[in-house]
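Visitor: This is the structure I have questions about; it appears just below.
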Amino acid sequence: MSVQIFNFITISHSVNSLLEKLESINIQSILIVFYSFGYFQFFHCIAFRIHNHIIITMLRRSAIAQSSAIRSLATYASPEAVLPKKYGGRYTVTLIPGDGIGKEITDSVKTIFKSQNVPIDWEIVDVSGVDETGHSVSEAVESLKRNKVGLKGILFTPVGSTGKSLNVALRKELDIYASLVLIKNIPGVKSRLDGIDFALVRENTEGEYSGLEHQSYPGVVESLKIMTRFKSERIAKFAFDFAKKNNRKLVTAIHKANIMKLGDGLFRQTVKDVGQDYSGIEVNDLIVDNASMQAVAKPQQFDVLVTPNLYGSILSNIGAALIGGPGLVPGANFGREYAVFEPGCRHVGLDIKGQNTANPTAMILSSAMLLRHLGLNDHADKISAATYEVIAEGSIRTKDIGGTSSTTEFTDAIVDKLNA
């Protein structure tokens, strides 16, 4: 026992020294060190102290950042200072086709943009979760740092492997913390329920996706769910800013605070606290299992949902099923400096890769969101309108929404509509 106490005191002094330099050290690396030396009994105490220091550091940084913030979080058309630089009146945008059907549906966007002379030049980065011969995530990160904005297909993450999700790695590396998914009935696509129109705002960088998990003993796995007031507050502000700018009147916090009273309780209360600063916007909350039932029974009640990471992933898939499938749901991911646009329901489509049957609607509408982010509203409106018109007419549509047309035929129909 005396040896253990001595070890703990020694470790505590070491932690104090580490905390002074923590801003440049990865928290996960520190924790792994303690595990590797077998100090399991001290982990929770040490992790708690490190975690508290991280929160304090982030809050200090937040105060500094807020005092010099150069754009509000939820806007599409951003101030010139945070947009890519225009060269010769054109923007350079990072394009990550992704795995599965990614190349086919991003090719649709490239075809449409070229036909309309959209002032975009693509910097293509072929990252893959299937084929390791392409570019690395670090190359994609560097491209996005240069260009500040990207269009992305979904990267495959194998189930059961020890490899990290490339999608999560990209978002965490650039702190692209806010996922925005738009769930709305599309005229011409038959669904079980009408009047669906809600936005789902999902925190991208913590919660169950923190990536802190380990096997402490054979057959015993511990997975840490990290929740912080700092990140809960900034995603709540994003949700309320989005609601304010888009004339939405209700923000609903999704949680499981009846069971996870501290972590989800913090998230729920933080959203409610932030809501006090937004007059004219109502705030309420729902437990996630009830929210899932309500989503399939009466989704018309929802306006803006704000969620931790895992719950948002589940509800975005439910939302996609409500309106006709993952091929119809656009999405975007925002940080303070960078924005990446991708289909809102993250399906790779490996089973239909190369068959020219994928529905590119979600990617096309996501690219229209990208254009609005750059202030190219005229191009965005025309491309969105042409896409909706082709779907509404019904003569050309892909297999997933009841048609027989190919990806290429659907894309060509949009181009014809734009050029008519």
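Visitor: Taking the mean number of other Cβ atoms within 10 Å as a proxy for protection, how do you rank 377-385, 251-259, 328-336 from highest to lowest?
Guide: 328-336, 251-259, 377-385
Visitor: Sort 304-317, 116-129 by packing, meaning the average of other beta carbons within 10 Å per residue, with the highest value first.
Guide: 304-317, 116-129
Visitor: Say the cut-off is 18 Å between C-alpha atoms; which of 114/399; 172/225; 249/382; 152/172 go over it?
Guide: Distance filter (> 18 Å) returns 114/399; 249/382.
Visitor: In what sequence, highest mean first, do 136-142, 368-374, 276-282 appear when ranked by Cβ atoms within 10 angstrom?
Guide: So the peptides 136-142, 368-374, 276-282, ranked by packing, come out 368-374, 136-142, 276-282.
Visitor: To continue, here is another question. Which FRET efficiency value, to the nearest 0.05, is calculated for residue 389 and residue 216 with the Förster distance at 56 angstrom and r the Cβ-Cβ distance?
Guide: Efficiency at R0 = 56 Å is approximately 0.45.
Visitor: With r as the distance between the Cβ atoms of residue 229 and residue 173 and R0 = 30 Å, compute the FRET efficiency 1/(1 + (r/R0)^6) and round to 0.05.
Guide: 0.85
Visitor: Under unit Cβ charges (Lys, Arg +1; Asp, Glu -1), what dipole magnitude, rounded to 20 debye, does segment 265-378 have relative to its Cα centre?
Guide: Roughly 220 debye, rounded to the nearest 20.
Visitor: Per residue, how much accessible surface does segment 290-420 expose to a 1.4 Å probe? Answer in Å², no decimals.
Guide: Heavy-atom accessible area per residue stands at 36 Å².
Visitor: Would you please state which residues of segment 244-280 a label at residue 314 would reach in this model, taking the label point 7 Å out along Cα→Cβ and a backbone N cut-off of under 19 Å?
Guide: 252-269
Visitor: Could you compute how much accessible surface residue 90 exposes when probed at 1.4 Å, giving the result in Å² to the nearest 10?
Guide: Near enough 80 Å² of accessible area.
Visitor: Another question, if that's okay. Take the Cβ-Cβ distance between residue 260 and residue 399 as r, set R0 to 35 Å, and report the resulting FRET efficiency rounded to the nearest 0.05.
Guide: 0.30
Visitor: How many percent of the alpha carbon pairs in segment 276-420 exceed a separation of 24 Å?
Guide: Of all Cα-Cα distances in segment 276-420, 43 percent exceed 24 Å.
Visitor: Follow-up. How long is the gain from residue 250 to residue 356 if the chain were fully straight, where each residue apart is worth 0.36 nm and the alpha carbon distance is subtracted?
Guide: Value of the extension gain: 34.2 nm.
Visitor: Out of residues 5 or more away from residue 212 or on other chains, whose amide H comes under 5 Å of its own, with H placed 1.01 Å from N in the peptide plane?
Guide: Result for residue 212 returns 224.
Visitor: Give the value in nm², to one decimal: projected area of the alpha carbon convex hull of segment 209-260, averaged over all directions.
Guide: 5.2 nm²
Visitor: So, one more: Would you mind working out the magnitude of the charge dipole of segment 175-266 relative to its Cα centre, with +1 at each Lys and Arg C-beta and -1 at each Asp and Glu C-beta, to the nearest 20 Debye?
Guide: Roughly 520 debye, rounded to the nearest 20.
The values are calculated or read from the model by the stated rules, or taken from the named source; none is laboratory data. Quick caveat: nothing in here was measured; it's all calculated off a predicted structure. Quick reminder, even Gly has a Cβ in these numbers, built from the backbone with ideal geometry, and neighbours come from all protein chains shown. Side chains included, ligands, DNA and RNA excluded: accessible areas come from the protein's heavy atoms. Shrake-Rupley method; radii C 1.70, N 1.55, O 1.52, S 1.80 Å.
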